[in-house]
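The values are calculated or read from the model by the stated rules, or taken from the named source; none is laboratory data. From a predicted model like this one, the values you see are computed outputs, not experimental measurements. Here Cβ is always computed from backbone atoms with ideal geometry, including for glycine, and neighbour counts include all displayed protein chains.
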Amino acid sequence: MKSAGVVLFAGFAGITTSMLLALLWAPSVSIDAFESPAAQRIFYWHVPAAWAAFIAFGALFIGSAGWLFKRSERMWRLHVAGSEAGLATGLMTVWSGCVWGAAEWGTPWDWTDVRLNTFGLLTLLAIYVVLGRNSQPDGVETRDTFAAFGLYGFVLVPLTYIATRIWTIRHPGPVVGTDDGGSINGDMGLVLLFSAVSFTVLIVGHMMASMRLTLLEQKLQRLQAKTDRVV
Amino acid sequence: MEGMGYLAVAYFGMLVAISLWTYTVVRRSQRLEERMAALESVNASAATDVAPNDEATAP
Amino acid sequence: MPALLSLEEVEVRRGMGVVLRDHNLTVKGGQCIALTGSNGSGKSTVLEVAAGLLPLEQGKVLHGSTPVIDHEGRRRQSPVTVGLTLQKNGVLGSEVVEDHLLLACSMAGFSVDVAPFLEAFNLKHRRKDLVAHLSQGQVRKISVLSALLPAFASNEACLVLLDEPSTGLDDDAVKVLCRWISVLRQRGHGVVLATHDERLLEQATHVHAVAKGTTEPRGVPLDEADIATPAATARRVTPSAFGIKTHRQTMLWLNTNGMAALLTLGLLLALGEFILDLTPLQRLGFLLAPAFAAGLCGEPLVAAMREERASSWWTAVGGGVPHAGWMPLLIGAAVTAGASVGFQLPFNTLHVLVGAAVCFAVWHAVRLMQLATTRLARPHAAMVGLLTPVLILPYAVLVDWLTR
């Protein structure tokens, strides 16, 4: 837990710093570009959280595949960690998106926006995997079922990623990784990069802690079985 | 300024949410370690209870 | 002649442990294999693997020369008629005794007069009763009969799998059961039974020790007189035919899907004449909403068939879990037509057809999600409802496309 704790602390300090930078230092965008220029600053949270969510869902996918095809205990722990981290970062992304949407669009949710909806579904999948798995005793039946959901649900990740490239209805198009170099200037990019790195560190720390927790739970189960025989 | 206040509240809310999430992970870890320690002490005391009887019945 | 059943190098996990490892078993026509071992040794697991009910970690299961399931998850329909009694009875309380037995017989493509069999089990007076009205022991007799009758009806060698068949049976019934097993063996059918009952063990031609994985032959006389069972051909009852019949008899659809549609429609009507002020896209979205809501409830039979593991019985014997088949088409069309009248919109046949299709597609999509959780220890707690919003996006795309 010690190494996970250090990483977690570093990540938390990083995102706190990036929030302060976003509020107090990052330059404001042109007033004409957004209805609510102040609320636009939430993207220093929104975009890195979505980035961290993709990392978490990637871990969920790899963990699910690793359990289903290799029967690896380590991969199962990665599945658990990925789903929990995906749930948390998914909620952060959706929540920050709702806050931004309420200020910018006048509504926190838009059913016609494909990315918003696919990301909402991805988060719902994470909620389902976490709550559903916790409702079952650990065993091959539970693991196979939820690993299958983790595997098939991953199809939403590329769909969400390409959503704004195909259907730019309300969601802004990509701001980084485009052919023209994106629409972000130097200081904005610096804060965004710092925030993305901080979120990555935080989510990695959380997944390390979560994997260790699952390992502890498995040890506890074995210990309980041993105690059943002794007592 | 009103917009910045709105943003600051949103940011603060999310920092609190992350802190709570991190706290639950730490608490879960502590509880698991406590339960494991309790079980290990039960196992240890059961083993010492059994040991004298074994000696008593030994030839 | 190929074996009726072959388990080849089978490995099975259940819960946190490996129950069977490198397990082999062969059953030929005319053999009765008794599975022996202490509680938890894996007798029921062997039977469920033989019935194709459990996924394999390694190895494969063959019925005749056809692999019905292998470790890569491939499944094929069994060419052999299977009769099955699980530890649970595999029969719904809403079924009529005689209907269930004829249904079991139909799996072999035949029909027999069930009266002599019911009489031998002292159940003739109950043939028209609902299973729910019988005692535990009587339901067990029905469950055992439903495994044996397909073999009695069939001219071809069948595989009969019996898990603790004598549990709850009186002495007379066990004697009758022993005689029937002997007759089936003489007719060339293969019988596998898991039991601790000495009387049934005496009928076994071979004893298979599950823990060791060894099979030993034992002498058993072949002196039972055959039983005349004139059989007529019968159409096999499909999972959808049974599902529709069950929906009609129990009105399960009304309790869940029908009520969801009616409540959605009622709620929209309570909002007044707002629908006339909406855009065509919004209007069609609301018009189809009751059919969509009916479909979102999924297949109520999935939960209902958990009673006495009826869905497992159907999967092994009937080739699939019963479902409502075309019924959602009817429900979707009816509620869309009702919504059209309720909203005082001009009747549009295309919209009614789309309502039918939406209800059908959503109903069966949610059913697949429900079936994905059937292996779980507590499938009712798995919260599949959380996944149903995944269907909203295709619904919105469809409505958008129709109103362009």
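In this structure, residue C:199 qualifies as at pLDDT 90 or above and either more than 24 Å from residue C:313 (Cβ to Cβ) or not assigned by TED's automatic domain parsing to the domain that holds residue C:120 (or both). The set of residues from the range C:27-51 being crowded, with 21+ Cβ neighbours inside 10 Å and either of a type in the set (Val, Ile, Thr) or under 15 Å from residue C:67 (Cβ atoms) (or both) comprises C:27, C:33, C:45, C:46, C:49, C:50, C:51.
So that you can scan it fast, the table gives a plain yes or no per residue for (1) under 28 Å from residue C:75 (Cβ atoms); (2) β-branched (Val, Ile, Thr):
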residue	(1), (2)
C:255	no, no
C:280	no, no
C:287	no, no
C:298	yes, no
C:314	yes, no
C:318	yes, no
C:330	no, no
C:336	no, yes
C:340	no, no
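Helices (runs of 4 or more DSSP H) fully within the range C:315-404 that include at least 2 residues being more than 14 Å from chain A (Cβ to nearest Cβ), surrounded by 19 or more Cβ atoms within 10 Å (Cβ to Cβ) and aromatic (Phe, Trp, Tyr): C:349-371. Counting only residues that are surrounded by fewer than 17 Cβ atoms within 10 Å (Cβ to Cβ) and part of a loop (DSSP other than H, G, I, E, B), the range C:221-267 holds 13 of them. Residues that are more than 7 Å from chain C (Cβ to nearest Cβ) and without any contact (Cβ under 8 Å) to a residue 60 or more places away in the chain were ranked within the range A:126-143; the one that is surrounded by the most Cβ atoms within 10 Å (Cβ to Cβ) is A:133. With a cut-off of at least 3 residues that are closer than 22 Å to residue C:180 by Cβ, name the strands (runs of 3 or more DSSP E) lying wholly within the range C:1-110. Output list reads C:32-36, C:82-85.
Restricting B:35, B:27 to residues that are under 30 Å from residue A:80 (Cβ atoms), part of a helix (DSSP H, G or I) and either touching a Leu at 6+ places or on another chain (Cβ under 8 Å) or modelled with pLDDT under 75 (or both) narrows the list to B:35.
Assess whether residue C:272 counts as being of a type in the set (Gly, Ala, Ser) and at pLDDT 90 or above. So residue C:272 fails the test.
The residues listed here are C:278, C:296, C:301; of these, the one that is closer than 22 Å to residue C:344 by Cα and not basic (Lys, Arg) is C:278. Scanning the range C:67-79 for any residue that is within 21 Å of the chain's Cα centre (by Cα) and more than 29 Å from residue A:68 (Cα to Cα) turns up at least one such residue.
Of all residues in the range A:211-231, those that are within 7 Å of chain B (Cβ to nearest Cβ) and polar (S, T, N, Q) total 2. Within the range C:237-252, the residues that satisfy the criterion of being among the hydroxyl-bearing types (Ser, Thr, Tyr) and within 12 Å of the chain's Cα centre (by Cα) are C:238, C:240. Taking the range C:126-220 as the region of interest, none of the strands (runs of 3 or more DSSP E) fully inside it holds 3 or more residues being over 16 Å from residue C:43 (Cβ atoms) and among the basic types (Lys, Arg). Could you check how many residues of the range A:78-125 are under 15 Å from the mean Cα position of the chain (by Cα), surrounded by fewer than 23 Cβ atoms within 10 Å (Cβ to Cβ) and at the interface with chain B (Cβ under 10 Å from one of its Cβ atoms)? Total satisfying the criteria: 2.
Residue-by-condition table, conditions (1) at pLDDT 85 or above; (2) surrounded by 22 or more Cβ atoms within 10 Å (Cβ to Cβ); (3) in contact with a Gly (Cβ under 7 Å, 6 or more places away or on another chain):
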position	(1), (2), (3)
A:7	yes, no, yes
A:18	yes, yes, no
A:25	no, no, no
A:41	no, yes, no
A:51	yes, no, no
A:54	yes, no, no
A:58	yes, no, no
A:62	yes, no, no
A:73	yes, no, no
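Considering the conditions (1) under 31 Å from the mean Cα position of the chain (by Cα); (2) over 17 Å from residue C:28 (Cβ atoms), residue C:274 is excluded by exactly one of them, (1).
Would you mind stating whether residue C:24 is surrounded by fewer than 18 Cβ atoms within 10 Å (Cβ to Cβ) and farther than 14 Å from residue C:213 by Cα? The answer is no for residue C:24.
Evaluation of residue A:42 against the conditions (1) within 13 Å of residue B:14 (Cα to Cα); (2) out of contact with any Leu (no Cβ under 7 Å at 6 or more places or on another chain); (3) not charged (D, E, K, R) shows that the sole unmet condition is (2). Restricting A:150, A:205 to residues that are modelled with pLDDT of 90 or more, closer than 30 Å to residue C:386 by Cα, under 19 Å from the mean Cα position of the chain (by Cα) and more than 10 Å from every other protein chain (Cβ to nearest Cβ) narrows the list to A:150.
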